[in-house]
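Structure first, commentary second.
The values are calculated or read from the model by the stated rules, or taken from the named source; none is laboratory data. Predicted, not measured: the structure shown is a model, and the values here were computed from it. Cβ placement follows ideal geometry from the backbone for every residue including glycine, while neighbour counts extend to all protein chains displayed.
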Amino acid sequence: MTDSLNNDLLNTDSCSGDSCGDSCLDDVVNPVEQFLRSDRVPHIWCPGCGIGTTVNSFARALIESKIELGSLALVSGIGCTGRVAGYVKLDSFHTTHGRAIPFATGLKLANPKLNVVVYSGDGDLSAIGGNHLIHAARRNIDLKVICVNNLIYAMTGGQTAPTTPDHSTTSTNPYGVFEPSFNLPHLVEAAGAVYVARWTTYHVKQLSRSIAEAFSKKGFSFIEVISPCPTLYQRRNKMGDGLDAMKFYKEKSKVKHGCPTSEVGMTMTGEIIVGKFVDRERPDYQTMMRAQYQESLGDSFVDQSSVQVQEEPVCS
Amino acid sequence: MKADPKGVLTGTHFMDGDHACCEGALAAGCRFAAGYPITPSTEVVERFAARVPKVGGAFIQMEDELAASITLQGGVWAGAKAFTVTSGPGFSLMMEHIGYAAMTETPCVFVDVQRGGPSTGLPTLPAQADMMQAKWGSHGDYEIIALCPNSPQECFDLTIKAFNLAEEYRVPVMFMMDEVVGHMTEKVVIPPADQIEVTPRKHTHKSVADYLPYGTNGDMVPEMAHAGDGYNFHVTGLTHDERGYPNMTLPVQDRMVRRLQNKILSAVDRITMTEEEQIEGADVVVVSYGITSRVAQRAIGLARDRGLRVGKLRLITAWPFPEKKIREIAKKIKAFVVPELNLGQMVREVERSAGGQAKTFAVSHAGGGVHNPEDILKVIVEASR
């Protein structure tokens, strides 16, 4: 399993390297490199961390969806996943803790032509940013939210997150977590998201396909990716390294498309239900806003094409 | 550049300060606002919500002030001029994003219609007790600009000025109203659009290859690009280099923080706006701002009736503080008298700037109403001795 996974992650073309020697590698172009700020490598993520894997899947989804990159903006909050914004070669915003969604809301409302992705972690999106998460889903703002869930606050050293499973040990629950954890797909479905899926970093292809599918939806999409944190979650809970996480995900994951989200809550060692849980149609915020203004104001409604500021004339 | 006539409600109006502030924003070219209801400021966004669909733009009522204060910045980076409006408790919640706007050099306007505090305090009654918070409320070293209107007319005129300064210096501008100025209704004259100067965004004309998001050309204010323009730029609240990339080394921190301060401090004389009256030959100068400047005007008149030589210095910009001006005046007078609706905020700046050259007398007031002019008069009399 790991061999095929590595092949999928690392490479690229069919060139094996064995038959043509090192020189052949000079011609190999990594298809995702075009989306990355190579001048910022090496990145800050730990060995075995799953965030880079999700970025790979995200980049491949950009290829698959043929989305126009010029109109794509990516917004992150704070934390390990919050650093994604710094590594992608897109208009990218590394905002404040928990506020990626409202910042992204501003981008989308002021320029409806933008495609806006929110890429952040479980603590950022569901604890400090939890209020924004549910309200953006309720309003059905046209945002694609990718939530990398490593079950812990990693950047700050392994504290309990709203997603940390019962009985795990963390630096702030050294005797074991006793508070119930959030089932994020259930939360966002209840709040109104039109697309909800969950994968793990073992499911790189499926994740990529889900992200591409979310791009084709108008409205609030939420994709949760269960991702390993070997340094702060697994080590403290004696769950091994990054490779062990892959084995664990392979063994415990069960694909159940359409599974009621009330049944996809996670435990520390139990089954991980993955798949596409919700795919429905609801008018998005801006569609509803326009319809309402048109109905109430008739001809006096001016669409927001003029929302962009006037700029200085271009100098010759 | 002249204002876009679509947003300008030219004419003579009978209007309160909150509504005039909204009209000023629209005249300045603001087409995006995010807000959260809070007395006594809500009328600003209520009017904006009614007006903006007719001029082309958007308003969203967010789930809290934390959201409102960052949503507006998303709007700015998408190309809009944007603002948010609040009062004390909401202003407290917005502090982190005032720091974010200062750090990322996001041009935007925060309106604070001040009410009595601390905490929930006096929701429907005036104070001027957020003046230090406006300057120092977010963590770290940074500079902002703060304006203090004293009438509905100024709520209109100076809101335009606030947006213009925000664009010129790429800085968050605090618009420090108070409950009385916000709710008083007076004549407001809105001129034709071609008589209103608006400052356009400092948008880059550089090629993608040449563009450095935080590079400067000597004037310390970088050029801006918007999401969707093709520059693939990065914006972060982390300490960053000219490329906008995180860089947490000491030299980069030093260069960045000093530039954020100096771009404002080096332009104090250009930014500062004051109203002065009979300072030459005065023994006492009354320094005031906002609604208190109008109460002080009465006290100054009463003092002059008694033959006292009293000058007036009204702060239209509170921040950056006109330190040099105060220092110069201090050399020629006996004392400053500083009435304000707090227990002593801007008076400390006056005292510091005076540097012992003139005495400084506070006329404090805990808020909830305005001063009795007699109380200010008493202090003027005492200071004249």
- Note on the structure: Among strands (runs of 3 or more DSSP E) entirely inside segment B:3-121, those with 1 or more residues being charged (D, E, K, R) and either closer than 23 Å to A:ASP284 by Cα or out of contact with any His (no Cβ under 6 Å at 6 or more places or on another chain) (or both) are B:30-35, B:81-86, B:108-116
- Message: Out of B:CYS30, B:CYS22, I need the residue that is within 13 Å of B:PHE175 (Cβ to Cβ), within 14 Å of chain A (Cβ to nearest Cβ), in contact with a Phe, Trp or Tyr (Cβ under 6 Å, 6 or more places away or on another chain) and crowded, with 24+ Cβ neighbours inside 10 Å. Which one?
- Response: B:CYS30
- Would you mind stating whether A:LEU74 is surrounded by 23 or more Cβ atoms within 10 Å (Cβ to Cβ) and in a helix (DSSP H, G or I)? no
- Query: Mind checking whether some residue in segment A:291-299 is under 30 Å from A:THR172 (Cα atoms), surrounded by fewer than 21 Cβ atoms within 10 Å (Cβ to Cβ), at pLDDT 95 or above and hydrophobic (A, V, I, L, M, F, W, C)?
  - Reply: no
- Can you work out which of the residues in segment B:50-78 that are more than 15 Å from A:ALA104 (Cβ to Cβ) and within 22 Å of the chain's Cα centre (by Cα) is nearest to the other protein chains (Cβ to nearest Cβ)? B:ASP64
- With respect to B:ALA102, is the statement that it is at the interface with chain A (Cβ under 8 Å from one of its Cβ atoms), in contact (Cβ under 8 Å) with a residue 40 or more places away in the chain and among the hydrophobic types (A, V, I, L, M, F, W, C) true? no
- Of (1) farther than 28 Å from A:ILE44 by Cα; (2) in contact (Cβ under 8 Å) with a residue 60 or more places away in the chain, B:ASP219 fails just (2)
- Query: Taking segment A:66-101 as the region of interest, how many residues are over 16 Å from the mean Cα position of the chain (by Cα) and closer than 16 Å to B:LEU72 by Cα?
  - Reply: 1
- Complete set of residues in segment B:326-342 that are part of a helix (DSSP H, G or I) and buried (at least 19 other Cβ atoms within 10 Å of the Cβ): B:ILE326, B:ILE329, B:ALA330
- Query: So how many residues does segment B:343-365 have that are surrounded by fewer than 23 Cβ atoms within 10 Å (Cβ to Cβ) and either modelled with pLDDT under 95 or more than 16 Å from B:LEU313 (Cα to Cα) (or both)?
  - Reply: 8
- Is it the case that segment A:106-115 has a residue that's more than 19 Å from A:PHE222 (Cα to Cα), touching a Cys at 6+ places or on another chain (Cβ under 7 Å) and not charged (D, E, K, R)? no
- Within segment B:224-281, considering residues that are within 10 Å of chain A (Cβ to nearest Cβ) and outside any loop (DSSP other than H, G, I, E, B), the one nearest to A:PHE35 (Cα to Cα): B:HIS234
- Message: What's the number of the only condition in (1) of a type in the set (Val, Ile, Thr); (2) within 11 Å of chain B (Cβ to nearest Cβ); (3) touching a Lys or Arg at 6+ places or on another chain (Cβ under 8 Å) that A:ILE78 fails to meet?
- Response: (3)
